[in-house]
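The values are calculated or read from the model by the stated rules, or taken from the named source; none is laboratory data. Since we're looking at a predicted model, the values are computed, not measured. Every residue, glycine among them, receives a Cβ derived from its backbone with ideal geometry; neighbour counts consider all protein chains shown.
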């Protein structure tokens, strides 16, 4: 048999095949917790080359790990063992022209999210997915993890923003489902199946994405509230008054604010009053005729009269609005710079967010007294980034990290929620998934994996662990 490394090198050339020390930038995940040195990094320039790489790896018995911007938080985009090729989509960055009447655009999987945002501005259109890593996250990775972000409750997750896909399958064949229609019920919804599959069923190479008109006006406020319960109550009222206009309802704790102000340069808190919870509220409209400022001001007056809102300010300029958003978006960075941390990505019914925060604090402190808890995230859809720092004076979690993760997951399950809201599973959450998903659900996932990838070559050990695949089908 032809040497697969030589074949890959010949196919891709010096720009497209990296080996040895050149693979270092691709080797580890963003949190530096996962990844080993792969056989090499393939950087194909188009779908045909992706298919050829997959076929060569299949023939050689090499695993294939798709990598976009490698900004994921669960380690799914790096090799788990050395017998793997990382397939980077970084060279596949072409975008078509927006189809304004259809509100759609065709893009390659390597397009960076912020680049897509910039591309659309002259056309009066937006792609409404926003998250902290948008300057480096790529479309293929966002599809692979079914990313959500800060506007998911209004526009949906990534699977709701994908109209069509092109995917290279594990045998090297190409499924072309690049349709530009919202309604397409001709059988199983394959495009949605690949959203959230983390490269285990195939490699997304191109996508047709759903677009929206640029908002013609915005009204943004930063609020201080006394408790998480007050935040839930105010959020419920706000949605009853302005649900179709609401595009941002983000929360963060005062502990998280303290860390951000301590560690992140240029941050200031503009309100005179601090409280247990802070809310960022944003209304948008594609019409100039909707009185957004009046609607927002009226809801704030009601919140203050009810004792739910202690203090607040409405942004008077784009610069002030951007600073309000930065206070929320720098929450992860503030905690990262504080030191060791545990990141949990929880979702519960929105009405139970405060209940989760309260019960979670009691449970986590029983496991590790003094653990510092930083809940923040997306109040309107119940997504809580439940991040933990060690107790003061501790450099780590005293061997309790797994117990804390399992406890948070079990509490979310008990409340009818999920331990994996928008970050995916990767290798990081396999043990938690094993404990908190039924045997029937895990077997269904393993059967899907086997149907698409019987050789188990596509990102093995992610979503469904290797031992489960063998146990189910041998």
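Could you say whether any residue in the range 451-473 is modelled with pLDDT of 90 or more, assigned to a helix (DSSP H, G or I) and in contact with a helix residue (DSSP H, G or I) (Cβ under 7 Å, 6 or more places away or on another chain)? No: the range 451-473 contains no residue that is modelled with pLDDT of 90 or more, assigned to a helix (DSSP H, G or I) and in contact with a helix residue (DSSP H, G or I) (Cβ under 7 Å, 6 or more places away or on another chain). Do we find a residue being farther than 25 Å from residue 328 by Cα and either surrounded by fewer than 19 Cβ atoms within 10 Å (Cβ to Cβ) or at pLDDT 95 or above (or both) anywhere in the range 148-157? No, the range 148-157 has no match at all. Evaluation of residue 150 against the conditions (1) touching a residue at least 24 places away in the same chain (Cβ under 8 Å); (2) more than 28 Å from residue 347 (Cβ to Cβ) shows that the sole unmet condition is (2). Taking the criterion of being in contact with a helix residue (DSSP H, G or I) (Cβ under 7 Å, 6 or more places away or on another chain) and in a helix (DSSP H, G or I), the residues of the range 295-326 that qualify are 295, 299, 302, 303. Of the residues making up the range 394-447, those that are more than 21 Å from residue 373 (Cβ to Cβ) and either in contact with a strand residue (DSSP E or B) (Cβ under 6 Å, 6 or more places away or on another chain) or at pLDDT 95 or above (or both) number 1.
Those residues that are in contact with a helix residue (DSSP H, G or I) (Cβ under 8 Å, 6 or more places away or on another chain) and surrounded by fewer than 21 Cβ atoms within 10 Å (Cβ to Cβ), I need them from the range 158-169; list them, please. Scanning the range 158-169 gives 159, 164, 169.
The sole residue among 393, 399, 358 that is out of contact with any helix residue (DSSP H, G or I) (no Cβ under 6 Å at 6 or more places or on another chain), surrounded by fewer than 19 Cβ atoms within 10 Å (Cβ to Cβ) and under 30 Å from residue 282 (Cβ atoms) is 358. On the basis of being out of contact with any strand residue (DSSP E or B) (no Cβ under 7 Å at 6 or more places or on another chain), in contact (Cβ under 8 Å) with a residue 12 or more places away in the chain and not in a loop (DSSP other than H, G, I, E, B), does residue 132 make the cut? Against the criterion (out of contact with any strand residue (DSSP E or B) (no Cβ under 7 Å at 6 or more places or on another chain), in contact (Cβ under 8 Å) with a residue 12 or more places away in the chain and not in a loop (DSSP other than H, G, I, E, B)), residue 132 does not qualify. Note on the range 151-194: residues that are within 24 Å of residue 385 (Cβ to Cβ), assigned to a loop (DSSP other than H, G, I, E, B) and touching a strand residue (DSSP E or B) at 6+ places or on another chain (Cβ under 6 Å) total 1. One residue alone among 305, 265 is within 24 Å of residue 377 (Cβ to Cβ), free of Cβ contacts under 8 Å to residues at least 24 places away in the same chain and out of contact with any strand residue (DSSP E or B) (no Cβ under 8 Å at 6 or more places or on another chain), and that residue is 265.
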